[in-house]
Amino acid sequence: MTAHLEKETALIEAILYLESDPIDEAAIGRISGLAKEIVKEALKKLEARYAAQDSGLDLSRIGGGVMISPKRDYWDKLKERYGKKNESKISRAAMETLSIIAYSQPVTRAEIEAVRGVSADSMIRLLLEKELIREAGKKDVPGKPAQYGTTREFLKLFRLNSIVDLPKLDESDIDRFELEGG
């Protein structure tokens, strides 16, 4: 590999700056024309650069891709002005429904309603419109109800690499999200 990879790292940084969504390493390689090993090494250099205290940016790994984003402390101060329109506030009911889906996926509407105790139709429709959830197949029971799971948009909104990065639930929450037979 080349000694310092300055130009390659700068090229990849420019690509990440121009991309509005997380992009995987293979796509970075295709766009830049650089080998996979060079891309990995350049990303490590960027990660180290952004880890410095005088940097306001992070190299975030979200949904299997990477993107440049503001450090969490700064984003909390800036998101009201710079947040995307589809990241507008989510109601408490929608957030509750989204939490049930995130922690219990794949999950059916009836299972969501059993946990929430109220109809989930409008919340599911809203979350589908915001592309935070998607239909993730059909449950193998009579009537074959649709099952729902979270999307890459969900991971992006909550700055998670995958659903395994969701905060851990305490005992009372685990009982609440537990589905019968699940």
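Matching residues to (1) loosely packed, with under 15 Cβ neighbours inside 10 Å; (2) under 24 Å from F154 (Cα atoms):
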| position | (1), (2) |
| --- | --- |
| A14 | yes, no |
| Y17 | yes, yes |
| G33 | yes, no |
| K36 | yes, no |
| V39 | no, no |
| G56 | yes, yes |
| S60 | no, yes |
| W75 | no, yes |
| E80 | yes, yes |
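Hey, can you tell me all the residues within segment 40-82 that are among the hydroxyl-bearing types (S, T, Y) and at pLDDT 80 or above? Lay out the reasoning, then the answer.
Of the residues in segment 40-82, the ones among the hydroxyl-bearing types (S, T, Y) are 50, 55, 60, 69, 74, 82.
Y50, S55, S60, S69, Y74, listed by residue number.
Assess whether E131 counts as being touching a residue at least 40 places away in the same chain (Cβ under 8 Å), closer than 26 Å to L169 by Cβ, surrounded by 13 or more Cβ atoms within 10 Å (Cβ to Cβ) and more than 19 Å from the chain's Cα centre (by Cα).
It is false that E131 is touching a residue at least 40 places away in the same chain (Cβ under 8 Å), closer than 26 Å to L169 by Cβ, surrounded by 13 or more Cβ atoms within 10 Å (Cβ to Cβ) and more than 19 Å from the chain's Cα centre (by Cα).
So, in segment 95-128, of the ones that are hydroxyl-bearing (S, T, Y) and modelled with pLDDT of 90 or more, which residue ends up surrounded by the most Cβ atoms within 10 Å (Cβ to Cβ)? Even if it seems obvious, please write down each step before you answer.
Of the residues in segment 95-128, the ones hydroxyl-bearing (S, T, Y) are 97, 99, 103-104, 108, 119, 122.
From the residues that got through so far, the ones that are modelled with pLDDT of 90 or more too are 97, 99, 103-104, 108.
Details: T97: 28, S99: 17, Y103: 19, S104: 19, T108: 20.
Ranking the qualifying residues of segment 95-128, first place goes to T97.
Could you say which residue among I68, I38, I31 is β-branched (V, I, T), under 18 Å from L16 (Cβ atoms), free of Cβ contacts under 8 Å to residues at least 24 places away in the same chain and not in a loop (DSSP other than H, G, I, E, B)?
Numbers: I68 fails: free of Cβ contacts under 8 Å to residues at least 24 places away in the same chain; I38 fails: free of Cβ contacts under 8 Å to residues at least 24 places away in the same chain.
Only one candidate passes the filter, namely I31.
Residue by residue, here is whether (1) closer than 20 Å to S20 by Cα; (2) outside any strand (DSSP E or B); (3) of a type outside the set (F, W, Y) holds:
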position: A42; (1), (2), (3): yes, yes, yes
position: S60; (1), (2), (3): yes, no, yes
position: A93; (1), (2), (3): no, yes, yes
position: I100; (1), (2), (3): no, yes, yes
position: I112; (1), (2), (3): no, yes, yes
position: L128; (1), (2), (3): no, yes, yes
position: E135; (1), (2), (3): no, no, yes
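Name the residues in segment 83-94 that are at pLDDT 75 or above and either out of contact with any helix residue (DSSP H, G or I) (no Cβ under 9 Å at 6 or more places or on another chain) or not aliphatic (A, V, I, L, M) (or both), would you?
S91, R92
The values are calculated or read from the model by the stated rules, or taken from the named source; none is laboratory data. Just so we're clear, the structure is a prediction, and the values are computed from it rather than from any experiment. Note that each Cβ is placed from the backbone with ideal geometry, even for glycine, and that neighbours are counted across all protein chains shown.
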